[in-house]
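J.: Here it is: the structure, laid out below.
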Amino acid sequence: MNNKIILFDIDRTILDTDKVMKIFTEKMLFILGNPNISDFMKVREEYLKQLAYDREFVPEDYIKAISRKFQFSYEQSLIDVFFDSDSQNIYKESVYPEVRDVFKTLTYRKYRLGIFSEGEKKFQNHKFRSLHLGEYLDDDLIFIFNAKNNSEALKRIPRSSIIVDDKLRICEFLDKAGIKTIWINKKGLPDSTNFQTIHYLSELNKVL
């Protein structure tokens, strides 16, 4: 591959989102006075079930559902779990361990690195800023959309980019649009025959 721009998804590609949510759940349970965890997880499951895609997750809406269930009046204290200064450290510490080494090697190989992410923009931008990966990423290659499998997103990103993403539906969309794609297959699904598949980000340098 001769492309010199690589754009990375955030959630579950460079950020261990499941680890983050586990920590945030523990913090919210404490703030709520440690209610029955089964009741809490039921609210979470019901909220997530109504979302068509993970990108539709909005912390404020999630907190409203939790507050209604537990008749909790201080919603802001729960919202702060996702956005306060402590959350910034949690995001930073939840970057997958191999990410910085991979990015360092890629920049040494003269690749320009950026972000191609989707989700509620306030939330995604906060996560991105909290990762503290700016030394490896180019400011003009940061692309965050509410949804990225559409023509607007395609118009914004450089057509010569290589996209690295853990979501199969996104990789399939990009591949059909003629964008070179590398899928991080973390769920043990059959590898794609249409585009490059890896299972860990640490394998990326070997396939470029």
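No value in this document is a laboratory result; all are computed from the given coordinates. All figures in this text were calculated on a predicted structure; none of them were measured in a lab. Every residue, glycine among them, receives a Cβ derived from its backbone with ideal geometry; neighbour counts consider all protein chains shown.
J.: Taking the beta-carbon count within 10 Å as an exposure proxy, list Y62, Y200 from fewest neighbours to most. The partial results should precede the final answer.
T.: Working: Y62 20, Y200 12.
Fewest-to-most ranking of Y62, Y200: Y200, Y62.
J.: In terms of the Cα gyration tensor, with a ≥ b ≥ c the square roots of its eigenvalues, is segment 80-150 rounded because a/c is under 1.5, prolate because a/b exceeds b/c, or oblate? The partial results should precede the final answer.
T.: Values: a/c = 2.37, a/b = 1.25, b/c = 1.90.
It comes out oblate by the Cα gyration axes.
J.: Could I ask something else about it? Return the FRET efficiency for the residue pair F30, E56: r is the Cβ-Cβ distance, R0 is 22 Å, and the value is rounded to the nearest 0.05.
T.: That pair, F30 with E56, gives E of 0.25.
J.: Can you give the FRET efficiency for R109 and K176, using 1/(1 + (r/R0)^6), R0 = 35 Å, r = Cβ-Cβ distance, to the nearest 0.05?
T.: About 0.80, to the nearest 0.05.
J.: With a ≥ b ≥ c taken as the square roots of the eigenvalues of the C-alpha gyration tensor of segment 111-152, please select rounded if a/c is under 1.5 and otherwise prolate if a/b is larger than b/c or oblate if it is not? Present the calculation step by step, with values, prior to reporting the outcome.
T.: Numbers: a/c = 3.10, a/b = 1.30, b/c = 2.38.
Oblate.
J.: Straight-line reach from K64: which lysines have Cα under 18 Å away, leaving out those fewer than 8 places along the same chain?
T.: The qualifying lysines are K27, K42, K49, K122.
J.: Note down the net charge around S192, summing +1 for each Lys or Arg and -1 for each Asp or Glu among other residues with Cβ under 15 Å from its Cβ.
T.: On the way: positive: K167, R169, K176, K180, K186, K187; negative: D165, D166, E172, D175, D191, E203.
Around S192, the charge tally is 0.
J.: Tell me the label-point distance for the pair A147, L189, using the 7 Å Cα-to-Cβ offset, in nm and rounded to one decimal.
T.: Here the modelled spin labels are 1.7 nm apart.
J.: Rounded to the nearest 0.05, what FRET efficiency do S85 and M41 give with R0 = 35 Å and r taken as the Cβ-Cβ distance? Could you check?
T.: For R0 = 35 Å, the calculated efficiency reads 0.80.
J.: How about segment 93-122: which trypsin sites (Lys or Arg not before Pro) there lie in a loop by DSSP and see at most 12 other Cβ atoms within 10 Å?
T.: Of the trypsin sites (Lys or Arg not before Pro), the ones in loops of segment 93-122 whose Cβ has at most 12 other Cβ atoms within 10 Å are R109, K110.
J.: Same structure, new question: Under 5 Å between amide H atoms, partner at least 5 residues away or on a different chain: which partners does V95 have, H built in plane at 1.01 Å?
T.: D16
J.: Please list the non-local residues whose amide H lies under 5 Å from the amide H of I162, H modeled 1.01 Å from N, same-chain partners needing a gap of 5 or more.
T.: I5, I6, L7
J.: When 1/r is averaged over all different Cα pairs and the result inverted, which Kirkwood radius in Å belongs to segment 17-91?
T.: 12.7
J.: Summing +1 for each Lys or Arg and -1 for each Asp or Glu, what net charge is found among the other residues whose Cβ lies under 14 Å from the Cβ of I5?
T.: The answer is +4.
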